[in-house]
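The values are calculated or read from the model by the stated rules, or taken from the named source; none is laboratory data. Predicted, not measured: the structure shown is a model, and the values here were computed from it. Heads up, the Cβs are rebuilt from the backbone with ideal geometry, glycines too, and the neighbour counts pull from every protein chain shown. Only protein heavy atoms, including side chains, enter the accessible area calculation; ligands, DNA and RNA are left aside. Shrake-Rupley method; radii C 1.70, N 1.55, O 1.52, S 1.80 Å.
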Amino acid sequence: MDLHQLLVFTKVVEHKSFSKAAEDIFLSQSTVSSHIQALERTLNVSLFDRVGRENILTPSGERLYQWALKLLLLKDQAMLDLKVGVTELRGIIRIGASSVPGQFMIPKMVKQFRDQYPKATFYINQSSSKNIAEKVLNGSVDFGILGEKYDNEKLCYIPLLKENLVLITSKQSDIVGPVEIKDLLSYPFIMRNSDSGTNSLIEKFLKKNQISKDQMNIVAYTENGQSLIQFVLQDIGIAIISEMAAKEYYDRNLLKIHEINGFNDERYFYLVYNLNKTQSMLSQLFIEGAKELIK
């Protein structure tokens, strides 16, 4: 097998497209097709099923993809060890991110990483913490950054950043803080969906104070953290969110922040990866340097 053919194969898998893979590695689409056909002849297997316009990996293709990643990783490690062409490392890094990391952490981390490896390309998939953990498990992202841990023997968590949750209200609100959670039950609440890390911490705090969600005056649920803040800015309700997300609006004097008495639980944002997934050299470098990238 030719390493270059394996590289071309992995690009087709990652882009799910012969034409996009060709653009990525500066080849013609016909050349990419020729490499894949040559690889199929060498191995005497079909690597893709052509279903309409999509190219779907066959079982043999899926197995080869894992081997190809390992072989290309070994090549990159050799280059790194020899200090030759390190800055030429190029490829795609797929990151899954929950709401707050996606908005406030990952842009800075990507910038700092690309200062070192300018040929890295990032695909960011933003969703709830629970969905991100599932994407890490099924391999659709290389790793995730989220605000909640989900126990699974395949998942490894690296704590990155510690922060608090705070109550936010509009400038028109009559609430003055610090506040007691029981005194807020009559106020209209805006909540994140149940799969978010923020919502999970809120539910634990309510349970600790023997309060059920039914006792709250919840007027809206939203999937998006920015949408939630807009509800608060319009004085539709109050919300509990990440202090990191609230600070920008507080500094611009657009909303008020209040501490909640007894809500002292600090939470971490974690980088999570699948122990069973073979990472590319670029992904490995990002994971190993993640704590430095957020400083």
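Worth pointing out:
- The single residue among Pro59, Pro101 that is within 26 Å of the chain's Cα centre (by Cα) and not small (Gly, Ala, Ser) turns out to be Pro101.
- Where a residue in the stretch 1-25 is open to solvent by 20 Å² or more (accessible area, probe 1.4 Å) and its partner, wherever it lies, is β-branched (Val, Ile, Thr) and at pLDDT below 85, with Cβ under 8 Å and at least six apart: Leu7/Ile25
- Scope the stretch 85-105; condition surrounded by 20 or more Cβ atoms within 10 Å (Cβ to Cβ), closer than 25 Å to Lys16 by Cβ and aliphatic (A, V, I, L, M); matching residues: Ile93, Ile95, Ala97
- Long-range neighbours under 7 Å by Cβ, at least six apart or interchain, first residue within 10 Å of Val272 (Cα to Cα) within the stretch 142-157, second in a loop (DSSP other than H, G, I, E, B) and among the basic types (Lys, Arg): Tyr157/Lys149
- Note on the stretch 148-210: enclosed strands (runs of 3 or more DSSP E) holding 2 or more residues that are closer than 30 Å to Leu293 by Cα are 155-163, 165-170.
- Within the stretch 143-166, the set of residues being within 9 Å of the chain's Cα centre (by Cα) and not β-branched (Val, Ile, Thr) comprises Phe143, Gly144, Leu146.
- Criterion: of a type in the set (Phe, Trp, Tyr), in contact (Cβ under 8 Å) with a residue 40 or more places away in the chain, over 23 Å from Thr198 (Cα atoms) and open to solvent by less than 20 Å² (accessible area, probe 1.4 Å) - qualifying residue of Phe286, Phe269: Phe286
- Qualifying positions in the stretch 130-172 - in contact with a Pro (Cβ under 9 Å, 6 or more places away or on another chain) and open to solvent by 10 Å² or more (accessible area, probe 1.4 Å): Leu160, Leu161
- Residue list for the stretch 132-169, restricted to those being closer than 26 Å to Ile236 by Cβ and either at pLDDT 90 or above or aliphatic (A, V, I, L, M) (or both): Leu165, Val166, Leu167, Ile168, Thr169
- Of the residues in the stretch 67-74, at least one is of a type in the set (Phe, Trp, Tyr), part of a helix (DSSP H, G or I) and over 19 Å from the mean Cα position of the chain (by Cα).
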